[in-house]
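The values are calculated or read from the model by the stated rules, or taken from the named source; none is laboratory data. As the structure is a computational prediction, the values presented were derived from the model and not from experiment. All Cβ positions, glycine included, derive from the backbone under ideal geometry; neighbour counts span all protein chains shown.
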Amino acid sequence: MKLDKLRSALRKRFGDGVEAREDRGSIVLEGQLPSWEARLEAGSRAVGAGSRGVVNDIVADDCAWAASERLDSPRDPGRDEGEKGLEGLSFDVAVIGGGVVGCAVARELAKWRVSTILLEKEEDVAFHASSRNDGMIHDGFAARPGSLKAKFNILGNRLWEALAWELGIEFRRPGSIVLFRNAATQALYPAFAARAAMNHVDGWEYWSPRRVRAEEPNVCDGQHGAFFLPSAGVISPYRATVALAESAVMNGVRVELGTCVKGFEKEGDRIARVRTDRGDFRASVVVNAAGNWADVVASFADDRFFSLHQRRGTDMILDSQAGGLQRHIMAMPSIMQAKSTTKGGGLVTTVEGNILVGPTATELPGRESYATSTSELRTLERHFRINRRLLPSMAITYFAGVRACTWEEDFIIERSRRVANLVHAAGIQSPGLASAPAIAEEVARISLDVLCATMKVSPNASFVAVRDAPLELRRLSLEERAKAVSRNPSYGRIVCRCEEVSEGEIRDAMKSPLPVRSLDAVKRRARPGMGRCHGGFCTPRVMEIVADELGIGIDEVTKKGPGSRIAVGMTKSGLGEGFRG
Amino acid sequence: MVDRKEYDVLVIGGGPAGLAAALSASGTGARVGLIEREECLGGILKQCVHDGFGLVRFGQMLSGPEYARRFIDLVEGSDIAVHLETFVHAARRLASAGGGYVLECVSRDEGVFEAYAPALVLATGCRERSDRQVFIHGDRPAGVLTAGLAQHLVNIEGVLPGRRAVILGSGDIGLIMARRLTLEGMEVEGVYELKAEPSGLSRNLQQCLSDFGIPLHLLMTVVEIHGKRRVEAVTAARVDLRGSVIAGSERLVECDTLVLSVGLIPENELALSLGLGLDPSTKGPKVDQGGGAGEGIFVCGNALHVNDLVDYVSESGEAAGRDAAGHALSIGAAGGTAAPGRRVAVKAGPGFLYAVPQFIDLSRPGPAVIYFRVNSTLREGARVSLSAAGETLLGKRYPALRPPEMERLEIDPGRVPEGCDSLWLELERKEADLG
Ligand SMILES: Cc1cc2nc3c(=O)[nH]c(=O)nc-3n(C[C@H](O)[C@H](O)[C@H](O)COP(=O)(O)OP(=O)(O)OC[C@H]3O[C@@H](n4cnc5c(N)ncnc54)[C@H](O)[C@@H]3O)c2cc1C
Ligand SMILES: Cc1cc2nc3c(=O)[nH]c(=O)nc-3n(C[C@H](O)[C@H](O)[C@H](O)COP(=O)(O)OP(=O)(O)OC[C@H]3O[C@@H](n4cnc5c(N)ncnc54)[C@H](O)[C@@H]3O)c2cc1C
């Protein structure tokens, strides 16, 4: 019935280019359309027509390449080829994906006496969405009431503070000021409050224009007060992901980087073996936390009841000198945005003391395409109106990330209906970071349920929740710092001048429980090169330390794993001719 | 409590500016501490293995290390206390009588300590603008680096950054790197310059590009980088005279390396943290002829404004060191206060990018040097004059003036008439260069 309606609507709109059929409850769209926009429109129209998800297999002529993106681990030709270290092993749980979700799941599982392996195709965890976001622990107000997003966001927000403490990473709750730009938006206050109540948001207030001004002296003129959400927090997303992974490793989880899951071998309605580019192994439960590839991973088990579309988001990072100009997270949605469910971005104060401007939300193909563009940056300019003292010229850099969205625009967190030992954590778009701890609890609970049918599961009595935070010299008092340097002089050698990172901190990061192999991996942990000069000064020094710690030549050091060497070889003399003391 | 070392003058930065400042301060009998965060003195000169340094000062073409060596030898033979691998983490002014500054320093060999002096010389040099600051979009692969970083990799680390490079920006470092990379066996596809004329010195255009047949593409820029892990290509495009990309002119250039030489910015975090305001046209603090920015802070070299010739950097360092020592010693003598002299402002009229210093202190003996840059090329040259209250104090003819090339003028402060509060730098150009 609904399917017929959809078919006629599609025919009316797109002619014969598109076909819709039902497959075990899902709506499958096939065919060809001239543009990516048309493909998107078709996908959205199909929502609700079936009892399960929308699978959009339409090829867009202007982005045909998107249909053939390949899931692979980057490899240096000739190196490590044929290494099959995982062949023949067996695990109770295999978690696919080393983003914040996979790492949180792995750590949650470490609280139990089960053997867990986490597989990440890149050379480090937090390589994709989990290092390319705003680091905001949302209050839960923006999510659609009744959605999984709303549920897990609120729960996750409540869990993060204690979790961050255990992990030894910084968490702050600056609170979020949603400004009313005019009387019309101000009139929406009761609707805002009703929604916040429906979502069980932890506290909200109306702030008068005067109160807003008192809290944020640099706020724009002409604001009509604000909806204040005190529970909104911030965290460093990559540090959080790394810390979760490290904590998991310390508690017995095996993390295999540079390992791509390529398929499953099924026996009846179960996955028997996981096929990877480093060998095949047995797993009793498989968790799909593959981010932008979660639909492809589902297809390996013949369970692709949904498909993902990519929404790119670009953020600008302002110099830490601007950080002091604002204390809270601030946004000023237009009336259209206020009514819809998209958050529309704003100004986020980070734990590192910068301000993030963004993100944008643009439908673009490319599961791992992080190109930025002038037009994206331009759409961010409007946020500068919120704070009178912020200027676009304060930007030190900008970056993009890709949200993995289902057509229903909600998370999928469930045990597969077709494959008895597969658990999905898919479609984890924003607020996925905020929700991650709660998603992890739920996924671990489901996984243990599955395991319980075949084995006895007991708590891991030796689980250590607290992870020792690495030393951060710049945050110590002068006296504490003096002590640290006298203990270890390499803490006194500042390598990155913008972020004030010492050689000792970089060496510590490289000795952590997870292997650290590239400049970007070092950056995620110790921040050298994250400041205003972008590594212009510290890159060679960090390269030297990385080469030394890994026992490789300086010309073998990479920016982000295989295929990304900084240098291609030695110079003719192989010697520096300048002097270095 | 951490250890506190006391000096008359503290110099931050051991490049040519800081070396000259330390030497001249020490020459007046002041106790000088020189703080450098790297493992040896010399600043950016350590990696400038090409020659072209010291022509004005020594009448010789020295390499960067050779030029620096001359000063380092003198420093090593003096009683200047050098603190290497020492980073100034924070600076604060003492509120007590006499003021002065305390630096919180972190050092590998000396641990954490404080250093105090009544006078501070900031000789912290400059940093390079990055691809983000000139808004190049696209992917973020390995293979995108600033010219100074490329220079460091090749000349200090002995590694080759790639096989085929595109260079964006025709500043001197970009030109020098075009030659250096070519000599090392890389292919330099071309140098792209947004403006209608190159920004490097004429001699570098000849010796680094023409002599090697490397094309210079004027009115072109790089708009996008391609390649997920390592650069695979860039998109280059033509621009109009206002710098806007001309639609449809884009073309793909295959390369594995993009070298950026798109400008230098004075390094002024410490100056800002001490509350000094910056001159928007130089991006450095506003100073008098001795680099004095007020309250015992002196600034010199590239931290003040970006210099093209090291000789002038040394000159500005010497002036700053001398005045810093004078300030410190007069505070000692006057029991806590140094009386400021009468100051007049130096204002650059139309046609100039900027003039430094921004003030002249009339109580100071000896000639004051004014450095300036014009904002467009004057092939026919021009007469530059300095006037006060309508009266011309001095004038000088320059055979040619170009924005990248800094020029200097000397004036005797004694010639500034009573009652005037500003001096004007004026430009009289030739007909051919008008319009
Ligand atoms: C611009 C932007 C801003 C955002 N801001 C916020 C915010 O402020 N707050 C918030 O809560 N959320 C935010 N989000 C959303 C948040 O970033 C994501 O929800 C979250 O990071 C998703 O984590 P994940 O682990 O599911 O995915 P990912 O981090 O993408 O991890 C998935 C991993 O799986 C790996 N993988 C995939 N397939 C395989 C395979 N076959 N074998 C091995 N490994 C595989 C991938 O390499 C990847 O590392 C933002 C997103 C964007 C893009
Ligand atoms: C790549 C390049 C090529 C050049 N080529 C020529 C040429 O051919 N001919 C010519 O005449 N001129 C040339 N110049 C110009 C001239 O050499 C420079 O202008 C001059 O070196 C600047 O000197 P400086 O002392 O101001 O700065 P720098 O040489 O940069 O020295 C600054 C020093 O301060 C230190 N420092 C900074 N901050 C701190 C801190 N917080 N704590 C401790 N130490 C700190 C730095 O480590 C550095 O050693 C070139 C410049 C560059 C950059």
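Yes or no, residue by residue, for (1) within 32 Å of the chain's Cα centre (by Cα); (2) within 30 Å of B:Ala90 (Cβ to Cβ); (3) in contact (Cβ under 8 Å) with a residue 12 or more places away in the chain:
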site	(1), (2), (3)
B:Arg229	no, no, yes
B:Thr235	yes, no, yes
B:Ala247	no, no, no
B:Leu260	yes, no, yes
B:Gly263	yes, yes, yes
(request) Looking only at region A:277-311, count how many residues are within 7 Å of ligand 1 (Cβ to nearest atom) and not in a helix (DSSP H, G or I). (result) 2
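Which one is nearest to the other protein chains (Cβ to nearest Cβ), of the residues in region A:379-403 that are polar (S, T, N, Q) and over 21 Å from the mean Cα position of the chain (by Cα)? Spell out the reasoning first.
Initially, region A:379-403 is screened for residues polar (S, T, N, Q), giving A:379, A:387, A:393, A:397.
Cutting the leftovers down to over 21 Å from the mean Cα position of the chain (by Cα) gives us A:379, A:387, A:393.
On the way: A:Thr379: 14, A:Asn387: 19, A:Ser393: 9 Å.
Taking the candidates together, the pick is A:Ser393.
Out of B:Thr257, B:Thr235, which single residue is buried (at least 18 other Cβ atoms within 10 Å of the Cβ), among the polar types (S, T, N, Q), away from ligand 2 (no atom under 16 Å from the Cβ) and over 22 Å from A:Val568 (Cβ atoms)? Show your work before the answer.
Working: B:Thr257 fails: over 22 Å from A:Val568 (Cβ atoms).
Answer to the check: B:Thr235.
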(request) Quick one: which strands (runs of 3 or more DSSP E) lie wholly within region A:410-497 and hold at least 3 residues that are within 16 Å of ligand 1 (Cβ to nearest atom)? (result) A:412-415, A:422-426
(message) Need the failing condition index for A:Arg517 against (1) away from every other protein chain (no Cβ under 13 Å); (2) of a type outside the set (Ser, Thr, Tyr); (3) crowded, with 24+ Cβ neighbours inside 10 Å; (4) under 18 Å from B:Gly143 (Cα atoms), just the number.
(response) (3)
(request) Test A:Ala567 against the criterion of being in a loop (DSSP other than H, G, I, E, B) and surrounded by 24 or more Cβ atoms within 10 Å (Cβ to Cβ), and give yes or no. (result) yes
(request) Kindly indicate which of A:Thr241, A:Thr259 is buried (at least 22 other Cβ atoms within 10 Å of the Cβ), of a type outside the set (A, V, I, L, M), assigned to a loop (DSSP other than H, G, I, E, B) and touching a residue at least 60 places away in the same chain (Cβ under 8 Å). (result) A:Thr259
(message) Could you check region A:27-52 and list, in sequence order, the residues that are more than 14 Å from A:Asp16 (Cα to Cα) and in a helix (DSSP H, G or I)?
(response) A:Trp36, A:Glu37, A:Leu40, A:Glu41, A:Gly43, A:Ser44, A:Arg45
(request) Give the number of residues within region A:373-402 that are in contact with a helix residue (DSSP H, G or I) (Cβ under 9 Å, 6 or more places away or on another chain) and not in a strand (DSSP E or B). (result) 9
(message) Within region B:1-68, considering only strands (runs of 3 or more DSSP E) that don't extend past its boundaries, which have at least 2 residues that are crowded, with 24+ Cβ neighbours inside 10 Å?
(response) B:9-12, B:32-35
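Taking the condition under 29 Å from A:Asp277 (Cβ atoms), away from ligand 2 (no atom under 16 Å from the Cβ), surrounded by 15 or more Cβ atoms within 10 Å (Cβ to Cβ) and not basic (Lys, Arg), does A:Phe91 pass? So that I can check it myself, show each step before the final result.
Details: under 29 Å from A:Asp277 (Cβ atoms): yes; away from ligand 2 (no atom under 16 Å from the Cβ): yes; surrounded by 15 or more Cβ atoms within 10 Å (Cβ to Cβ): yes; not basic (Lys, Arg): yes.
So A:Phe91 fits the description; yes.
Within region B:91-103, which residues are part of a strand (DSSP E or B), more than 17 Å from B:Arg31 (Cα to Cα) and away from ligand 2 (no atom under 11 Å from the Cβ)?
Applying the first criterion (part of a strand (DSSP E or B)) to region B:91-103 yields B:91-93, B:101-103.
Now narrow it down to the ones that are more than 17 Å from B:Arg31 (Cα to Cα): B:91-93.
Matches in region B:91-103: B:Arg92, B:Arg93.
Out of all the residues in region A:112-130, which are near ligand 1 (Cβ under 6 Å from one of its atoms), within 11 Å of A:Gly258 (Cβ to Cβ) and within 14 Å of another protein chain (Cβ to nearest Cβ)? Quick ask: steps written out before the conclusion?
Let us first name the residues in region A:112-130 that are near ligand 1 (Cβ under 6 Å from one of its atoms), namely A:119-122, A:127-130.
Now drop any that are not within 11 Å of A:Gly258 (Cβ to Cβ), which leaves A:119-122, A:127.
Of everything in region A:112-130, those that are near ligand 1 (Cβ under 6 Å from one of its atoms), within 11 Å of A:Gly258 (Cβ to Cβ) and within 14 Å of another protein chain (Cβ to nearest Cβ) turn out to be A:Lys121, A:Glu122, A:Phe127.
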(message) I want to confirm something. Restricting to region B:55-70 and keeping residues that are within 10 Å of chain A (Cβ to nearest Cβ) and touching a Leu at 6+ places or on another chain (Cβ under 7 Å), which single residue is nearest to ligand 2 (Cβ to nearest atom)?
(response) B:Gly64
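Report whether or not B:His137 is at the interface with another protein chain (Cβ under 8 Å from one of its Cβ atoms), touching a residue at least 60 places away in the same chain (Cβ under 8 Å) and within 16 Å of ligand 1 (Cβ to nearest atom). Break it down stepwise before answering.
Numbers: at the interface with another protein chain (Cβ under 8 Å from one of its Cβ atoms): yes; touching a residue at least 60 places away in the same chain (Cβ under 8 Å): yes; within 16 Å of ligand 1 (Cβ to nearest atom): yes.
Yes.
Those residues that are over 21 Å from B:Leu309 (Cβ atoms) and within 15 Å of ligand 2 (Cβ to nearest atom), I need them from region B:26-53; list them, please. Reasoning before the result, please.
We begin by selecting, within region B:26-53, every residue over 21 Å from B:Leu309 (Cβ atoms); these are B:26-40.
Answer for region B:26-53, where residues must be over 21 Å from B:Leu309 (Cβ atoms) and within 15 Å of ligand 2 (Cβ to nearest atom): B:Val32, B:Gly33, B:Leu34, B:Ile35, B:Glu36, B:Arg37, B:Glu38, B:Glu39, B:Cys40.
The rows are residues; the columns are (1) outside any strand (DSSP E or B); (2) facing another protein chain (nearest Cβ under 7 Å); (3) over 14 Å from B:Asp256 (Cα atoms).
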site: B:Gln151; (1), (2), (3): yes, no, yes
site: B:Asn155; (1), (2), (3): yes, yes, yes
site: B:Gly162; (1), (2), (3): yes, yes, no
site: B:Leu175; (1), (2), (3): yes, no, yes
site: B:Arg180; (1), (2), (3): yes, no, yes
site: B:Glu189; (1), (2), (3): no, no, no
site: B:Lys195; (1), (2), (3): yes, no, yes
(message) Take the residues in region A:131-179 that are within 14 Å of ligand 1 (Cβ to nearest atom) and aromatic (Phe, Trp, Tyr); name whichever of them is surrounded by the fewest Cβ atoms within 10 Å (Cβ to Cβ).
(response) A:Phe171
(request) Of the conditions (1) crowded, with 18+ Cβ neighbours inside 10 Å; (2) more than 8 Å from every other protein chain (Cβ to nearest Cβ); (3) in contact with a helix residue (DSSP H, G or I) (Cβ under 8 Å, 6 or more places away or on another chain), B:Ser78 clears all except one; give me its number. (result) (1)
(message) Which of the numbered conditions does A:Thr539 fail, given that it passes all the others? Conditions: (1) over 27 Å from A:Arg132 (Cβ atoms); (2) at the interface with chain B (Cβ under 7 Å from one of its Cβ atoms).
(response) (1)
(request) Say whether the condition of being over 27 Å from the mean Cα position of the chain (by Cα) and within 30 Å of A:Arg517 (Cβ to Cβ) is met by at least one residue in region A:69-77. (result) yes
(message) Checking A:Ser490 against (1) in contact with an Asp or Glu (Cβ under 6 Å, 6 or more places away or on another chain); (2) more than 14 Å from chain B (Cβ to nearest Cβ); (3) surrounded by fewer than 19 Cβ atoms within 10 Å (Cβ to Cβ); (4) modelled with pLDDT of 95 or more, only one condition comes out false. Which one?
(response) (2)
(request) With the condition kept exactly as written, say whether any residue in region A:209-222 is outside the structural domain of A:Gln186 (by TED's automatic domain parsing), at pLDDT 95 or above and assigned to a helix (DSSP H, G or I). (result) no
(request) Within region B:105-144, count every residue that is under 29 Å from A:Asp520 (Cα atoms) and either of a type in the set (Lys, Arg) or assigned to a loop (DSSP other than H, G, I, E, B) (or both). (result) 17
(message) I want to confirm something. Restricting to region A:324-340 and keeping residues that are in a loop (DSSP other than H, G, I, E, B) and not charged (D, E, K, R), which single residue is modelled with the lowest pLDDT?
(response) A:Ser340
(message) Out of the residues in region A:389-418 meeting the condition of being among the hydroxyl-bearing types (Ser, Thr, Tyr) and either at positive phi or in contact with a strand residue (DSSP E or B) (Cβ under 6 Å, 6 or more places away or on another chain) (or both), tell me which one is nearest to ligand 2 (Cβ to nearest atom).
(response) A:Thr397
